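The values are calculated or read from the model by the stated rules, or taken from the named source; none is laboratory data. Quick caveat: nothing in here was measured; it's all calculated off a predicted structure. Note that each Cβ is placed from the backbone with ideal geometry, even for glycine, and that neighbours are counted across all protein chains shown. Surface accessibility is based on the protein's heavy atoms, side chains included, excluding ligands, DNA and RNA. Shrake-Rupley method; radii C 1.70, N 1.55, O 1.52, S 1.80 Å.
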Amino acid sequence: MTKEQIIHKTVDFVKNTLRDAEGGHDWFHIERVFKTSKTIARSEKVDVFIVSLGALLHDIADSKFHNGDETIGPKIARNFLESLQLEKDIVNHVVLIIENISFKGGNTKQKFTSPELNVIQDADRLDAIGAIGIARCFNYGGFKNRTLYDPEIVPNLNMTKEEYKSSTAPTINHFYEKLLLLKDRMNTETGREMAEKRHLFMESFLEEFFKEWEGRH
């Protein structure tokens, strides 16, 4: 099987697996991260094949939708990649990417890094900010039936991984607890450049949100 055929098979597998996924973590999220990863990869010295596989499989079973179990996604990815009879080094690298890509509250040390992970992580974080990031944030908040905003519940910037995963805070708090932090956590120059514009858009949105909340012009 050629690399192109493997990518096509992976796309089909991911589309089928995520056909009923929540709107912010569905196939279209994967597709955007896949495309953005390829854009960033053009300026980086990486294995584009591993970047492609990692981007496509990075959210194959997000722990948020599996009772917090972070082992399911890597297992599904490993089983799928092994079924394609890929080299062990490739399979292990992609699985390590999946295990280490997520934000997890920002206070958890990443156990593995590679140029390929850096690219995919930036692409995934870019999809969490800007116009689409705002849409995804409120979509997930609605999915979890969270309030939009509560002035009495202040953002918690020092959450442990467990607190972050179990948080039920209002959706607006998520901007301060994660989204506004991502610009400064980009790994690549291209990622940083792309994040700047999206970050400014979120700041403008929040400024307008609070004006409207207070009934001001």
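Please count, across the stretch 140-217, the pairs of lysine residues with Cα atoms under 14 Å apart that sit 8 or more places apart or on different chains. Could the numbers behind the result be given before it?
Numbers: K144/K165; K161/K178; K165/K178; K183/K197.
Eligible lysine pairs with Cα atoms under 14 Å apart amount to 4.
Only four residue types carry charge here, +1 at the Cβ of Lys and Arg and -1 at the Cβ of Asp and Glu. Report the dipole size of the chain about the Cα centre in Debye, rounded to the nearest 20. Write down the numbers at each step before the final one.
On the way: 30 positive and 34 negative charges, 54 e Å.
Computed charge dipole of the chain: roughly 260 debye.
With a/c under 1.5 counting as rounded, go ahead and sort the chain into rounded, prolate or oblate using the C-alpha gyration tensor (a ≥ b ≥ c being the square roots of the eigenvalues; past the cut-off, prolate if a/b is larger than b/c, else oblate). Show your work: numbers first, answer last.
Numbers: a/c = 2.00, a/b = 1.69, b/c = 1.18.
Since a/c reaches 1.5 and a/b is larger than b/c, the shape of the chain is classed as prolate.
Please determine, in degrees from 0 to 90 and to the nearest 10, the orientation of helix 48-57 with respect to the longest principal axis defined by the Cα atoms of the chain, where the helix direction is its Cα long axis.
The two axes meet at around 60 degrees.
Arrange the peptides 205-213, 3-11, 33-41 so that the one whose residues have, on average, the most other Cβ atoms within 10 Å appears first.
So the order, starting with the most tightly packed, is 33-41, 3-11, 205-213.
What do you get for the angle between helix 115-126 and the principal long axis of the chain? Use alpha-carbon atoms, 0 to 90 degrees, nearest ten.
Taking the Cα atoms of the chain, the angle to 115-126 is about 30 degrees.
Suppose each label sits 7 Å from its Cα in the direction of the beta carbon; what would the A131-K161 distance come out to in nanometres?
3.6
Please give the contour-minus-distance gain from K75 to H217: 0.36 nm per residue of separation, less the Cα-Cα distance, rounded to one decimal in nm. Spell out each step's value before the answer.
Details: separation 142, 0.36 × 142 = 51.12 nm, distance 5.19 nm.
That works out to 45.9 nm of additional length.
Quote the accessible area belonging to M1 in square angstrom, nearest 10, computed with a 1.4 Å probe and with ligands, DNA and RNA left uncounted.
Answer for M1: close to 120 Å² accessible.
Name the lysines eligible as straight-distance cross-link partners of K88: C-alpha to C-alpha under 22 Å, and not fewer than 8 places from it in the same chain.
Leaving aside lysines fewer than 8 places away in the same chain, those within reach of K88 are K3, K9, K45, K75, K111.
With the Cα gyration tensor of the stretch 166-217 giving a ≥ b ≥ c as the square roots of its eigenvalues, does the rule (a/c under 1.5 for rounded; else a/b larger than b/c for prolate; else oblate) give rounded, prolate or oblate? Could you put the intermediate results ahead of the total?
Values: a/c = 5.05, a/b = 1.49, b/c = 3.38.
Cα axes put the stretch 166-217 in the oblate bin.
Taking only C-alpha pairs under 8 Å that are 6+ residues apart, what is the relative contact order of the chain in percent? Write down the numbers at each step before the final one.
On the way: 248 pairs, mean separation 44.4, N = 217.
It rounds to 20 percent for the chain.
At 1.4 Å probe size, with the rest of the protein present, what percent of the exposed accessible area of the chain is carbon and sulfur atoms?
Working: 5910 of 11910 Å².
The C+S portion of the solvent-accessible surface of the chain is 50 percent.
Mind running the shape call on the stretch 115-217? Use the C-alpha gyration tensor, a ≥ b ≥ c as the square roots of the eigenvalues: rounded below 1.5 for a/c, prolate if a/b tops b/c, oblate otherwise.
On the way: a/c = 2.10, a/b = 1.37, b/c = 1.53.
Oblate, since a/c reaches 1.5 and b/c is not below a/b.
I'd like the orientation of helix 72-83 relative to the chain: the angle between its Cα long axis and the longest Cα principal axis, in ° from 0 to 90, rounded to 10.
Compared with the principal axis, the helix lies near 20 degrees.
Hey, what's the chain come to in accessible area per residue, 1.4 Å probe, Å²?
Values: 11910 Å² over 217 residues.
Using a 1.4 Å probe on heavy atoms only, each residue of the chain averages 55 Å².
Defining a contact as two alpha carbons under 8 Å apart and six or more residues distant in sequence, what relative contact order in percent does the stretch 137-217 show? Please list the in-between numbers first.
Numbers: 45 pairs, mean separation 19.3, N = 81.
So the answer I get is 24 percent.
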